[in-house]
1. So how much slack lies between Ser81 and Ile101, counting 0.36 nm per residue of separation and subtracting their Cα-Cα distance, in nm?
2. Kindly rank 172-182, 143-153 from highest to lowest mean number of other beta carbons found within 10 Å of each residue.
3. Could you please state, rounded to a whole Å, how far the C-alpha centre of region 144-181 is from the C-alpha centre of region 98-128?
4. With labels modelled as points extended 7 Å from the Cα through the Cβ direction, what inter-label distance (nm, one decimal) is found for Ser119 paired with Thr141?
5. Please report, largest first and rounded to whole Å, the three semi-axes of the ellipsoid equivalent to region 131-188, where each semi-axis is the square root of five times an eigenvalue of the C-alpha gyration tensor.
6. Whole-Hz Karplus ³J(HN,Hα) for region 142-149, in order, using 6.51 cos²θ - 1.76 cosθ + 1.60 and θ = phi - 60°, x for Gly and Pro?
7. Within 10 Å, count the other beta carbons around each residue, average over each peptide in 96-105, 125-134, and list them highest first.
8. Based on the mean of other beta carbon atoms within 10 Å per residue, what is the order of 87-95, 116-124, most packed first?
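We did not get these values from a lab; they are worked out from the coordinates using the rules stated. What you are looking at is a predicted structure, and each value in this text was computed from that prediction instead of being measured. All Cβ positions, even for glycine, are placed from backbone atoms using ideal geometry, and neighbour counts span all protein chains on display.
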Amino acid sequence: MQHARMSSRFCLIAALLAFACTAAALSGCTRADAPSPESESAATESDDRFAANETGDDEEFELDGAGSYVEVVDWQKVDPSEFPELPDPSAAGERGFQYVIDETGGQVFLFVCSGECPSSGYEIAVDDVRAIGADYTVAVTEIEPAVGDVTAQMITYPQVCIVFSYVELPETISVVTADHEHLECTYP
């Protein structure tokens, strides 16, 4: 009789455990450190403006087609009032970019402008900053107003200011649009 009670308790515990595992699986619960299929596919996708086609072991680095490490650089948008004086303020409305390297603070201040636009509703957004050694690439997207949007009919100069830290003093900085156009630096 005692064997029958232990057997029924074991069956009850096994059934509860199976139910709990099934409920967790149906609710989408997984280990916190286990990669989900969505995160794996997102991690392997890369922006071809950086020519990166393989993901490295470290989340902050990828391998480019030539086998060099591409570092993902942290950046943040800054208010233009926090931006140091531009090297050529007269060119601030031209399509292109300017930058100031703060060697004492180990930072680069970058100003990007889309140039003259015929109305409001145009924007420029920074997508990513990456480095291969001392060569930095900033990916931007130029956004136009949607068809049918009501916009103010006035000349605008969409611009964005960002700051990022560097480990190795930049030798080159390039800005590339989503259309793979390389913007020019607007000062010598």
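1. Values: separation 20, 0.36 × 20 = 7.20 nm, distance 1.67 nm.
Taking 0.36 nm per residue and subtracting the Cα distance, the gain is 5.5 nm.
2. The packing order, highest mean first, is 172-182, 143-153.
3. When both Cα centres are located, 6 Å separates them.
4. About 2.1 nm, to one decimal.
5. Numbers: eigenvalues 180, 31, 24 Å².
So the equivalent ellipsoid measures 30, 12, 11 Å along its semi-axes.
6. 3J(HN,Hα) across region 142-149, in whole Hz: 8, 10, 9, x, 5, 4, x, 5.
7. My ranking of the peptides, most packed first, is 125-134, 96-105.
8. Values: 87-95: 14.4, 116-124: 16.2.
With the highest mean Cβ count within 10 Å placed first, the list reads 116-124, 87-95.
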